[in-house]
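Participant: Would you mind keeping the following structure in view while I ask a few things?
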Amino acid sequence: MFANDDYILEILTKEGWIRSEDAEEARLQSNPVDWLLDQEKITKLDLLGAMANDAGLPLQQTIEHIDFSAIQSIPRDIAQRYNVIPLYCDENLLRVGVSNPYDYETIDTIRSRTNKEVEAVVVPLDVITEAINRFYSESESSGPSDLERALSANSGAEGEAPIIKLVQSIITEAQRLKASDIHIEPMERRLRLRYRIDGVLQVMPDIPKKLQSAVMSRLKIMAKMSIAEKRLPQDGRIQVSIGEKASIDLRVSSIPSNHGESIVMRILDKTSLMLGLPELGFLSDDQAVMEQVMGLSDGIFLVTGPTGSGKTTTLYGCLNFLNKPDKKIITVEDPVEYQLQGVNQVPVNEEVGMTFATALRAMLRQAPNIIMLGEIRDEETANIAINASLTGHLVFSTLHTNDAPGAISRLIDIGVKPFLIASSLRAVMAQRLVRKICSSCAEPYQPTEAELQSLNLKEAQIVDASFKKGRGCARCRGTGYKGRMGIFEIFMINDEIRNMINDKLPSSQLRQRARDLGMRSLREDGIRKVLAGLTTPDEVISSTLKDK
């Protein structure tokens with residue numbers, strides 16, 4: 001048993017779990033505590049509760065959830081060997097469930113292994129066993145086991161074959177975790193590996209420093225970059241087959257740093273091209289507005305936002321919606337990142353004179369119905385795009401502005417005449433990306449008073465709200481978020497707005513009038529998605545700091 005039987009009988013008697021007569025009769029047996037259990041004088045839970053109380057530890061009868069970070073703090077073999085389960089972990093504290101409240105040696109062992117202050121909670125042995133099987137299995141099924149095995153295999157390996165397997169594992173693991181970027185960065189004593197997942201960089205196990213040269217050379221060979229050139233930045237592309245699935249494309253960039261070359265690989269996820277408007281984050285009313293815009297026969301539709309806000313993905317989603325056999329679609333891009341079946345895609349190559357403006361002029365002679373420009377960068381490109389829209393073409397493009405009405409000022413700043421903007425522009429949409437709550441661990445949540453005030457929520461809005469928050473699980477790697485979606489500000493150009501543009505009114509007045517006419521701001525669209533339980537107040541606030 002857990003402790004001396006006489007001591008346990010004394011505890012049970014003192015705390016009133018058994019009568020003195022039962023204790024005396026039990027002492028006559030060869031296994032006193034087992035006899036009490038067999039005679040149903042006490043239950044196992046009674047016994048564990050009495051010992052927990054004696055040891056001054058709380059008793060926890062069930063385990064509903066364990067954070068992913070806690071599971072990572074103690075290896076499975078240690079948990080099974082000592083019958084313990086990690087329950088909570090932060091920078092300084094580790095809370096563990098133990099089946100034996102008197103096993104101080106185990107608690108000391110865990111403290112020395114983790115270098116954390118250990119707080120013990122008594123948990124029934126069968127509950128611990130079930131939790132180990134359930135939560136460690138979840139973690140292992142979604143953890144970076146393939147990558148860790150490859151790193152372990154390469155820790156003492158020499159030769160080309162292990163390096164090839166390691167690089168393949170790095171790329172495969174990034175694809176499995178739905179990362180958008182792979183960052184391999186030389187530090188002074190290590191080679192750091194990070195993945196950008198849902199817009200946030202997450203640290204992976206380090207690559208051994210001695211493999212730095214071999215790993216970088218392998219990636220540069222795959223990307224058709226010069227392995228001899230280490231003093232200048234280089235760009236390349238890699239195509240990799242992942243198991244039996246279709247190959248994935250990566251855009252590779254290298255730049256010299258003080259400890260060697262840093263390489264970043266952007267994973268070009270072709271599945272994003274097939275997303276419909278709901279998957280991009282459009283609610284039903286905004287979806288109807290977007291379908292109305294895409295149904296136009298001419299004019300310009302602009303998507304605005306900073307780098308990384310999902311503008312290109314939205315434009316590809318629009319083209320995918322419009323890509324029908326009776327439509328001729330031509331795009332001009334720098335570079336062409338995704339191959340769209342049925343769409344004529346033209347890459348910019350300024351070294352040979354193939355600029356945006358040159359390509360746009362040429363494509364107009366191809367009689368397209370729909371044109372997509374990767375970005376309007378200068379007056380010449382803007383004027384050609386406007387002329388194309390005025391001669392019966394539907395033009396899609398992007399601009400770098402903070403909000404939708406700001407696109408008017410930006411076009412005027414680069415030299416476009418206001419009357420041309422007014423006559424050609426049909427709509428402008430600003431967007432940002434926010435992380436979606438993980439569906440596997442979402443649970444009801446009550447925002448703090450500060451969060452409610454930051455979002456300026458009224459009492460009437462909160463009544464029917466469905467606030468949620470992800471508690472963190474293996475599927476979302478403990479973040480509480482899985483995937484991203486857009487929040488949008490759609491600025492429709494009507495006759496009144498056209499007159500205001502012709503009168504050269506500032507964007508602040510355009511914005512105020514658009515709000516009066518029903519335009520929702522980015523923050524207001526984000527609030528709708530918070531109230532619907534799709535994202536959290538923190539995400540919306542951080543993405544719309546300028547949108548009070």
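Participant: Out of all the residues in the stretch 159-188, which are over 20 Å from Glu337 (Cβ atoms), open to solvent by 10 Å² or more (accessible area, probe 1.4 Å) and in contact with a Lys or Arg (Cβ under 6 Å, 6 or more places away or on another chain)?
Facilitator: Ile163, Glu185
Participant: Next question, about the same structure. Which residues, counting only those in the stretch 100-122, are touching a Gly at 6+ places or on another chain (Cβ under 9 Å) and either within 17 Å of Cys89 (Cα to Cα) or open to solvent by 40 Å² or more (accessible area, probe 1.4 Å) (or both)?
Facilitator: Result: Ala120, Val121, Val122.
Participant: Still on this structure, please answer the following. Just checking, does the stretch 4-15 include any residue being open to solvent by 20 Å² or more (accessible area, probe 1.4 Å) and hydrophobic (A, V, I, L, M, F, W, C)?
Facilitator: Checked against the condition, which is being open to solvent by 20 Å² or more (accessible area, probe 1.4 Å) and hydrophobic (A, V, I, L, M, F, W, C), the stretch 4-15 yields no hits at all.
Participant: Sticking with this structure for a sec: Given Met216, Met222, Met204, which one is more than 16 Å from Ile163 (Cα to Cα) and surrounded by 16 or more Cβ atoms within 10 Å (Cβ to Cβ)?
Facilitator: From the options Met216, Met222, Met204, the qualifying one is Met204.
Participant: Working only within the stretch 345-364, note down all residues that are out of contact with any helix residue (DSSP H, G or I) (no Cβ under 7 Å at 6 or more places or on another chain) and surrounded by 13 or more Cβ atoms within 10 Å (Cβ to Cβ).
Facilitator: Selection gives Gln345, Pro347, Asn349, Met354, Thr355, Thr358, Ala359, Ala362, Met363.
Participant: Since Ser254 meets every condition but one in (1) buried (at least 18 other Cβ atoms within 10 Å of the Cβ); (2) at pLDDT below 90, which condition does it not meet?
Facilitator: (2)
Participant: Would you say Ser507 is over 14 Å from Leu452 (Cα atoms) and within 17 Å of the chain's Cα centre (by Cα)?
Facilitator: no
Participant: Also, quick follow-up: Considering (1) open to solvent by 10 Å² or more (accessible area, probe 1.4 Å); (2) at negative phi; (3) of a type outside the set (S, T, N, Q); (4) at pLDDT 90 or above, say which one Gly470 fails and leave the rest.
Facilitator: (4)
Participant: For Cys438, all conditions in the list (1) touching a Gly at 6+ places or on another chain (Cβ under 8 Å); (2) hydrophobic (A, V, I, L, M, F, W, C); (3) farther than 22 Å from Gly486 by Cβ hold save one; what is the number of the exception?
Facilitator: So Cys438 meets the others, but not (3).
Participant: Next question, about the same structure. Among the residues in the stretch 63-85, are any more than 18 Å from Val127 (Cβ to Cβ), surrounded by 14 or more Cβ atoms within 10 Å (Cβ to Cβ), more than 31 Å from the chain's Cα centre (by Cα) and of a type in the set (S, T, N, Q)?
Facilitator: No, the stretch 63-85 contains no residue that is more than 18 Å from Val127 (Cβ to Cβ), surrounded by 14 or more Cβ atoms within 10 Å (Cβ to Cβ), more than 31 Å from the chain's Cα centre (by Cα) and of a type in the set (S, T, N, Q).
Participant: Can I ask one more? Please go through the stretch 409-466 and pick out each residue that is open to solvent by 50 Å² or more (accessible area, probe 1.4 Å), outside any helix (DSSP H, G or I) and β-branched (Val, Ile, Thr).
Facilitator: Of everything in the stretch 409-466, just one residue is open to solvent by 50 Å² or more (accessible area, probe 1.4 Å), outside any helix (DSSP H, G or I) and β-branched (Val, Ile, Thr), namely Thr448.
The values are calculated or read from the model by the stated rules, or taken from the named source; none is laboratory data. Everything numeric in this text was worked out from a predicted model, so none of it was measured. Here Cβ is always computed from backbone atoms with ideal geometry, including for glycine, and neighbour counts include all displayed protein chains. Just so you know, the surface numbers come from the protein's heavy atoms only, side chains and all, with ligands and any DNA or RNA stripped out. Shrake-Rupley method; radii C 1.70, N 1.55, O 1.52, S 1.80 Å.
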